[in-house]
Amino acid sequence: MLPVVQIVHRPGILDLGWGHPDPAVLPVASIQRAATTVLARYGADALAYGAERGPGPLIAWICSRLKRTDARAPDPVEVVITAGASQTLDLLCTLCTHPGDVVLVESPTYHLAVRILRDHPLNLVAVPSDADGIDVDALKSLLERMARRGRTARLLYFVPTHHNPTGVCMSLERRRALAAVAAAYGVLLVEDDVYRELSYDAPAPPSVWSLAPPGIVARIGSFSKSLAPGLRLGYLTADASLTRRLIGSGLLDSGGGLNPFVALTVAEVCTSGDFDATIARLCATYRERRDALAGGLRDYLPPGCHCTVPGGGFFQWVALPEGIDAGELLPFAESMGVSYLPGSRFYLDAPRRNTLRLAFSLYQPPQLIEAARRLGEAIATVV
């Protein structure tokens with residue numbers, strides 16, 4: 001029988017490699033109510049080809065929401081509804097690049113975004129990062145060297161808020177500096193901002209999109225983390241010149257707006273008040289899970305290990321003592337009933353092989369503490 005879901009569960013293994021939400025926290029009843037309301041309100045129009053930009057009620061809500069959660073609200077003409085963050089990135093590559101163009105990516109970075117970029121195919125170049133996000137001085141030096149050779153970078157892909165994989169949140173000062181460098185060198189910043197709503201200790205900093213001059217940033221938003229990934233619904237906020245190109249593309253001309261029935265359903269969830277309630281519940285749930293995993297790692301990892309405690313998102317980043325290869329350790333860890341993603345998967349080149357990523361989103365606190373215990377035992381055997 002063919003599978004229904006992507007995730008594969010392995011008996012006896014607590015797999016912290018999957019950055020997926022726990023199915024138990026998905027708002028099934030809320031989405032069911034909203035879908036029923038949408039069909040009653042719109043009738044057959046809810047099932048017709050949708051407006052190219054996306055349904056007006058959802059765009060209006062996104063503009064209103066970003067007025068609350070970001071440094072500025074977009075104008076409706078700066079928003080386009082998409083079929084999720086991954087498709088948004090793919091569409092930006094289609095619209096804004098040609099095969100062989102240089103595209104910069106922070107290092108480490110979201111490994112599956114790299115796969116999308118390579119599908120086009122593009123010439124990917126790594127930019128180092130630190131505990132504060134992208135190293136803007138290193139970026140500027142790289143762009144200067146490229147300019148001297150008559151070369152330019154088309155895009156820079158990055159995750160500044162509750163970073164995947166490290167959990168880092170880029171500082172406000174660094175965000176402003178990044179926007180200034182991008183403007184000076186004509187690089188379009190592609191800001192993956194899908195974890196903004198999942199902030200556990202303090203509100204997320206303003207997006208780079210909200211701080212930059214017009215036309216410098218294309219920002220990717222998504223409902224996969226804030227509602228449910230199976231909705232396959234996201235949005236782009238960008239300069240109107242770019243959004244006009246997208247809604248004028250052959251894809252939207254042929255098929256109309258992307259995922260229109262789901263978009264109307266999500267608009268109903270959002271405007272009914274269910275979205276706010278869902279976010280409050282998710283943040284409380286994930287905060288508890290983050291704290292459980294962080295506490296377990298403090299208690300069970302041997303000396304010499306270093307862990308981030310993120311302010312939001314799904315991930316904790318662990319650095320093992322130098323000389324331990326997390327990829328080589330993985331089979332042994334799995335034999336002890338715990339799994340993770342080796343940090344080497346998140347680097348284009350020169351990986352830090354002693355790092356690994358843990359996701360705390362899928363499991364409940366007792367399971368996360370047990371996963372930390374098993375991981376600590378596995379590491380202790382090779383320290």
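The values are calculated or read from the model by the stated rules, or taken from the named source; none is laboratory data. Here the structure is a predicted model, which is why all the values come from computation and not from measurement. Heads up, the Cβs are rebuilt from the backbone with ideal geometry, glycines too, and the neighbour counts pull from every protein chain shown.
A few comments on the model shown:
- Among (1) touching a Leu at 6+ places or on another chain (Cβ under 6 Å); (2) within 26 Å of ALA51 (Cα to Cα), the one test that VAL103 misses: (2)
- Scanning region 25-41 for residues that are buried (at least 18 other Cβ atoms within 10 Å of the Cβ) and not hydrophobic (A, V, I, L, M, F, W, C) turns up PRO27, SER30.
- The listed residues are ALA29, ALA73, ALA35, and the only one of them that is among the hydrophobic types (A, V, I, L, M, F, W, C), in a loop (DSSP other than H, G, I, E, B) and at pLDDT 95 or above turns out to be ALA73.
This table checks each residue for (1) free of Cβ contacts under 8 Å to residues at least 24 places away in the same chain; (2) buried (at least 22 other Cβ atoms within 10 Å of the Cβ); (3) of a type in the set (S, T, N, Q); (4) touching a Pro at 6+ places or on another chain (Cβ under 8 Å).
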| position | (1), (2), (3), (4) |
| --- | --- |
| VAL168 | no, yes, no, yes |
| GLY221 | no, yes, no, no |
| LEU233 | no, yes, no, no |
| ARG245 | no, no, no, no |
| LEU264 | no, yes, no, yes |
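- Taking region 289-343 as the range and being small (Gly, Ala, Ser) and part of a helix (DSSP H, G or I) as the test, the residues that pass are ALA292, ALA294, GLY295, GLY296, ALA326, GLY327, ALA333, SER335, GLY343.
- Selected residue [more than 27 Å from LEU198 (Cβ to Cβ), of a type in the set (S, T, N, Q) and touching a residue at least 40 places away in the same chain (Cβ under 8 Å)] from THR381, THR285, THR355: THR381
- Of the residues making up region 42-82, those that are among the charged types (D, E, K, R), surrounded by fewer than 16 Cβ atoms within 10 Å (Cβ to Cβ) and under 20 Å from GLY248 (Cβ atoms) number 1.
- The conditions of being at pLDDT below 95, touching a strand residue (DSSP E or B) at 6+ places or on another chain (Cβ under 8 Å) and not in a helix (DSSP H, G or I) are met by ARG10.
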